[in-house]
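Undergrad: The structure is given below, and queries will be raised subsequently.
Please treat every number below as a calculation from the coordinates, not as lab data. Everything numeric in this text was worked out from a predicted model, so none of it was measured. All Cβ positions, glycine included, derive from the backbone under ideal geometry; neighbour counts span all protein chains shown.
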Amino acid sequence: GLRYVTGFPDRPPVKTGISIGDSIAALWGVIGTLMALRHKEQSGGKGQIVDVALYEAVFAMMESLLPEFDVFGFIRERTGNIMPGITPSNTHSTLDGRHV
């Protein structure tokens, strides 16, 4: 899951630092609600059900982990501040001691 790939390779997995699952699920809920409202406008008031699960919302954000494993047998590991193959993705120190 998300926690498995979060952190540095020489350390145990860590939390993301925020309640990202709740936030992502809330966004999916808002998108579903907006789609339901649009459908209501176009169908003359017919209702819909919006169903969102935390695990589904997080799973949708995990990029290509499943296809990578399914096709290539590749298991993505923790890489710290960098994402191999994605540029720029590292944390860089500034002259004033901060980071970007």
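Undergrad: Residues of the range 78-93 with the amide nitrogen closer than 15 Å to a label point 7 Å from the Cα of V100, along Cα-to-Cβ, please.
TA: Flagged as within label range: 88-93.
Undergrad: Follow-up question, since we're still on this one. Net charge within 12 Å of Y4 by Cβ-Cβ distance, Lys/Arg positive one each and Asp/Glu negative one each, not counting Y4 itself?
TA: Numbers: positive: R3, K15, R76, R78; negative: E77.
Here the charged neighbours net out to +3.
Undergrad: Also: Report the charge-dipole magnitude of the chain in Debye, nearest 20, computed about the Cα centre from +1 at each Lys and Arg Cβ and -1 at each Asp and Glu Cβ. Could you put the intermediate results ahead of the total?
TA: On the way: 9 positive and 10 negative charges, 45 e Å.
Once rounded to the nearest 20, the dipole reads 220 debye.
Undergrad: Under 20 °C and 1.002 mPa s, how fast does the range 3-72 diffuse according to Stokes-Einstein, given a Kirkwood radius computed over C-alpha pairs? Answer in µm²/s, whole number. All intermediate terms of the calculation are to be shown ahead of the outcome.
TA: Values: Rh = 14.6 Å.
In µm²/s, the coefficient rounds to 146.
Undergrad: Output wanted: per-residue J couplings in Hz (rounded whole) for the range 89-100, from phi through Karplus 6.51 cos²θ - 1.76 cosθ + 1.60, θ = phi - 60°, x for Gly and Pro.
TA: 9, 7, 9, 10, 7, 9, 4, 8, x, 9, 9, 10
Undergrad: Could I ask something else about it? Viscosity 1.002 mPa s, temperature 20 °C: Stokes-Einstein D of the range 22-62 from its Kirkwood Cα radius, in µm² per second?
TA: Numbers: Rh = 10.8 Å.
Rounded, D is 198 µm²/s.
Undergrad: What does the helix-only formula give at 222 nm for the chain: each DSSP H stretch with n ≥ 4 adding -39500 (n - 2.57), the total divided by the residues, and the result rounded to the nearest 500 deg cm²/dmol?
TA: Values: 3 runs with 39 residues, N = 100.
The helix-only estimate for the chain comes to -12500 deg cm²/dmol at 222 nm.
Undergrad: Using θ = phi - 60° and the Karplus form 6.51 cos²θ - 1.76 cosθ + 1.60, what ³J(HN,Hα) does each residue of the range 14-22 get, whole Hz, x for Gly and Pro?
TA: 10, 6, 6, x, 9, 7, 5, x, 4
Undergrad: Amide H of T79 versus every other amide H placed in the peptide plane: which residues, excluding those fewer than 5 positions away on the same chain, fall under 5 Å?
TA: G7
Undergrad: Still on this structure, I have one more. Would you work out which of G45, M35, A25 lies farthest towards the positive end of the dipole of the range 3-72? Charges go on Cβ: Lys and Arg +1, Asp and Glu -1.
TA: G45
Undergrad: Label R11 and L66 with points 7 Å out from Cα along Cα→Cβ: what is the distance between them in nm?
TA: According to this spin-label approximation, the distance is 3.1 nm.
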